[in-house]
Amino acid sequence: MDRELLLVLLGALVFQALLPLGWLLAGSAPAETANDSAIELERRLGRRLVVPVIPSLLGLCALVGWALVEPEDAEALPWPAVVLAIPMLLVFVRALRRALAATLRPRVDAAATIGLVRPRVVIAPDFAAELEPQVVEAVLAHESAHARHRDPLRLWLAQLITDLQWPSASARARLSAWQEALELSRDEEARSTVDGVDLATGILAAARRVQPGGAAVAVVTARSPSLAARIERLLSPLPERAPRSGSSGPLAVVVGIAAAVAMGTLLGECVIQSLLGR
């Protein structure tokens, strides 16, 4: 069997086989109270969104390491495994199709942050014309916070991660919880420079105009939590935020990827031969 074809088939099988381990590692959702900082909540939920696919991604990295030393003419995969891999490959195809569709430029009905590589804030002229200047400033502060954190790219990646776990309802729930916390977090960040009442006014005005879409775009009301709860939070005093400590997460992921590739290079052939019963 062609090495690249075998890599694709094994990749689909390994990714899906390791997902249950990732779901166990994700655990339950962190409890939230009215006094919680939305910024801290968004970070916790963001980590919980990514954790389920880390074992699967490390498994794929190990397969890449194996492919680096495997001859082009590799061993054949038994036909039952091929049949099992096909629906799993369709999950990947669906995820990639949705990811490409999300890159299309959306129509902006109110205010949004668009652009995966270079995010920029866009506000509809007729929407801005109907608002007071301080309300426009508040809406722009919210969207500028999205742009600073490259949220269109983060939303795009989060949707891709979730689609790779289709049809998992728990994955969709993690995505929805993080998206809601993201909007609250950007509200909270914007309030360091603008008044919460002005931002609440802008959100209510946008809610009458924005139509939900599938594009990778951070919209002032997109995927919002309960509008009443969000407005109530904007009208309440800002919660205290604990100082952020340094995170070793990205370094651990890099080390894990390098280790997985190295293990695949050294031991991949032995493991695959054992799995194939040879």
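The values are calculated or read from the model by the stated rules, or taken from the named source; none is laboratory data. From a predicted model like this one, the values you see are computed outputs, not experimental measurements. Glycine gets a Cβ as well: all are built from the backbone with ideal geometry, and neighbour counts include every protein chain shown.
Results for (1) out of contact with any strand residue (DSSP E or B) (no Cβ under 7 Å at 6 or more places or on another chain); (2) free of Cβ contacts under 8 Å to residues at least 60 places away in the same chain, shown as yes or no for each residue.
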position	(1), (2)
141	yes, yes
152	no, no
161	yes, no
164	yes, no
It is to be established whether one or more residues within the range 93-106 are surrounded by 16 or more Cβ atoms within 10 Å (Cβ to Cβ), out of contact with any helix residue (DSSP H, G or I) (no Cβ under 8 Å at 6 or more places or on another chain) and not hydroxyl-bearing (Ser, Thr, Tyr).
yes
Which one of these is without any contact (Cβ under 8 Å) to a residue 60 or more places away in the chain, within 17 Å of the chain's Cα centre (by Cα) and farther than 22 Å from residue 191 by Cα: 83, 93, 117?
117
List, please: which pairs have Cβ atoms under 7 Å, are six or more places apart or on different chains, and start with a residue in the range 29-56 that is over 23 Å from residue 18 (Cα atoms) and assigned to a loop (DSSP other than H, G, I, E, B) and end with one that is basic (Lys, Arg) and modelled with pLDDT of 70 or more?
30/44
Any residue at all in the range 132-145 that's polar (S, T, N, Q) and either within 21 Å of residue 195 (Cβ to Cβ) or at pLDDT 95 or above (or both)?
yes
Residue 116: closer than 23 Å to residue 177 by Cα and of a type in the set (A, V, I, L, M, F, W, C), yes or no?
yes
Check off (1) among the aliphatic types (A, V, I, L, M); (2) farther than 19 Å from residue 48 by Cα; (3) touching a residue at least 60 places away in the same chain (Cβ under 8 Å) for residue 200 and give me the number that stays unchecked.
(3)
Return the residue satisfying two criteria in turn: it lies in the range 206-216 and is touching an Asp or Glu at 6+ places or on another chain (Cβ under 9 Å) and surrounded by fewer than 19 Cβ atoms within 10 Å (Cβ to Cβ), and of such residues it is modelled with the lowest pLDDT.
211
Consider the range 96-114. How many of its residues are among the aliphatic types (A, V, I, L, M), closer than 30 Å to residue 130 by Cα and under 20 Å from the mean Cα position of the chain (by Cα)?
4
In the range 236-274, residue modelled with the lowest pLDDT [restricted to those that are under 18 Å from residue 191 (Cα atoms) and surrounded by 12 or more Cβ atoms within 10 Å (Cβ to Cβ)]:
241
Please work out if residue 113 is surrounded by 19 or more Cβ atoms within 10 Å (Cβ to Cβ) and either of a type in the set (D, E, K, R) or not in a helix (DSSP H, G or I) (or both).
yes
Of all residues in the range 131-141, which are part of a helix (DSSP H, G or I) and out of contact with any Asp or Glu (no Cβ under 6 Å at 6 or more places or on another chain)?
133, 136, 137, 139, 140, 141
Taking the condition surrounded by fewer than 19 Cβ atoms within 10 Å (Cβ to Cβ), more than 19 Å from residue 123 (Cα to Cα) and within 11 Å of the chain's Cα centre (by Cα), does residue 157 pass?
yes
Pick from 186, 150: which is basic (Lys, Arg) and buried (at least 20 other Cβ atoms within 10 Å of the Cβ)?
186
Answer yes or no as to whether residue 142 is more than 26 Å from residue 16 (Cα to Cα), within 16 Å of the chain's Cα centre (by Cα) and buried (at least 18 other Cβ atoms within 10 Å of the Cβ).
no
